[in-house]
1. Based on this model, can you work out whether A140 counts as under 17 Å from the mean Cα position of the chain (by Cα), assigned to a loop (DSSP other than H, G, I, E, B) and in contact (Cβ under 8 Å) with a residue 12 or more places away in the chain?
2. Looking only at the range 316-341, count how many residues are without any contact (Cβ under 8 Å) to a residue 40 or more places away in the chain and either within 19 Å of A16 (Cα to Cα) or not small (G, A, S) (or both).
3. For the range 306-317, how many residues are surrounded by 17 or more Cβ atoms within 10 Å (Cβ to Cβ) and farther than 10 Å from L53 by Cβ?
4. Does any residue in the range 203-222 that is at negative phi come within less than 6 Å, Cβ to Cβ, of a residue that is assigned to a strand (DSSP E or B) and of a type in the set (S, T, Y) six or more places away or on a different chain, and which pairs are these?
5. For the range 104-148, enumerate the residues that are closer than 30 Å to S90 by Cα, open to solvent by 10 Å² or more (accessible area, probe 1.4 Å) and of a type in the set (F, W, Y).
6. Residues of the range 38-57 being of a type in the set (A, V, I, L, M, F, W, C) and surrounded by fewer than 15 Cβ atoms within 10 Å (Cβ to Cβ), which ones?
7. With under 19 Å from Q116 (Cβ atoms) and in contact with a Ser or Thr (Cβ under 9 Å, 6 or more places away or on another chain) as the only criterion, which of A226, A242, A162 stands out?
Amino acid sequence: MKKDTKMYETVSLMMAKGKGLLAADESNKTAGKRLEMVGLPNRAEHRQDFRELLFTAPGIEEYLSGVIMYDSSIKNSTDDGVPFPDVLMSKGILPGIKVDLGTKDLHGFRSEVVTQGLDDLDKRFAEYYELGARFAKWRAVITVDDELPTDECLLINSIMLARYAQLAQAAGIVPIVEPEVIFAGSHSIEEAERDTTRTLQTLFSTLIKFRVDLSALILKSSMVLAGDQHPNQSTPNQVANATLRTFHMSVPHEVGGIVFLSGGQSPKRATENLNAIAKLGEQPWPITYSYSRAIEEPFLAAWQGKEENMEVAQKMLLEVVKMNSLAQQGKYDPDADKVLK
Ligand code: 13P
């Protein structure tokens, strides 16, 4: 594969110290679930308001290096007609695009799925590049229980991720590869560690076989923690140690960076865990946040879909990303924080 130094610049901008990503890349259906939380029907105009408020919030560029969008939002504009990618670029925030088309059942395999969306992906990448996208995301879903994930599920999802990553890099777009190990479940932290390690080892051996340039690629990972139904919920210190052990066992040092999803943890817990990871010191890769729910939920709670709350909601967004910026540097004080819950 030809080396494109622009992608390395993109990686270093994305992983700038004290900054992280906002994953505002919900499909129209999932965006509807967010709007439901504030009593708004799932209509295009409300999805637009939601994204416009997020992207135009004053000051977010201090804490966000990039925003991941969805097909309908990268092609959308503000009420004044400014395309969303232009709003972001004018603040120095890189536009990104989620390109997978969701999951389908892996037939013959209980409760396992494979991600769709490779058809014509080269053409879609060319279009997204023109629209301003400089990085992309593809999410695979990995479920943990006594028998799962199977090796076959890990293999097929890794091959899909590798093909996606090849096509992204051929288009000059930095791929984020996201094998989300699902938090929901009754698995222990030890099981989460074993299966996240297996997942990442399969993924990286496949990416290497398929000649993906690891320096122009970012891993989006789950934190390693006991399932949400497990009686012993993991402490920040346990999460930090298990997560970093997992990465050291499976992620090559060339990888451009690692970002975390929040995965259904409360905003405060996701922030506290990131802080505990950063407190363990410098790692071979820059590490930061790429949250959706843990950033958007406090914003939505403040907004409630009401015009009179718009300013307060944007200020809340700024507070949340500021806390995560501090956590990214190991400087977050959960006891002093009265904002996040
Ligand atoms: P959450 O932070 O809500 O888990 O979402 C991140 C994401 O991008 C999932 O694909």
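1. No: the conditions fail for A140.
2. 5
3. Of the residues in that region, 1 qualify.
4. Qualifying pairs under 6 Å: K220/S290.
5. The one that is closer than 30 Å to S90 by Cα, open to solvent by 10 Å² or more (accessible area, probe 1.4 Å) and of a type in the set (F, W, Y): Y129.
6. Within the range 38-57, just A44 meets the criteria.
7. Being under 19 Å from Q116 (Cβ atoms) and in contact with a Ser or Thr (Cβ under 9 Å, 6 or more places away or on another chain) holds for just one of A226, A242, A162, which is A162.
Conditions (1) open to solvent by 10 Å² or more (accessible area, probe 1.4 Å); (2) within 14 Å of the ligand (Cβ to nearest atom); (3) closer than 16 Å to A133 by Cβ, marked per residue:
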{"site": "K33", "(1), (2), (3)": "yes, yes, no"}
{"site": "G59", "(1), (2), (3)": "yes, no, no"}
{"site": "I93", "(1), (2), (3)": "no, no, yes"}
{"site": "I97", "(1), (2), (3)": "no, yes, yes"}
{"site": "G102", "(1), (2), (3)": "yes, yes, no"}
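The values are calculated or read from the model by the stated rules, or taken from the named source; none is laboratory data. Predicted, not measured: the structure shown is a model, and the values here were computed from it. With ideal geometry, Cβ positions are generated from the backbone for all residues, glycine too; neighbour counts draw on all protein chains shown. Only protein heavy atoms, including side chains, enter the accessible area calculation; ligands, DNA and RNA are left aside. Shrake-Rupley method; radii C 1.70, N 1.55, O 1.52, S 1.80 Å.
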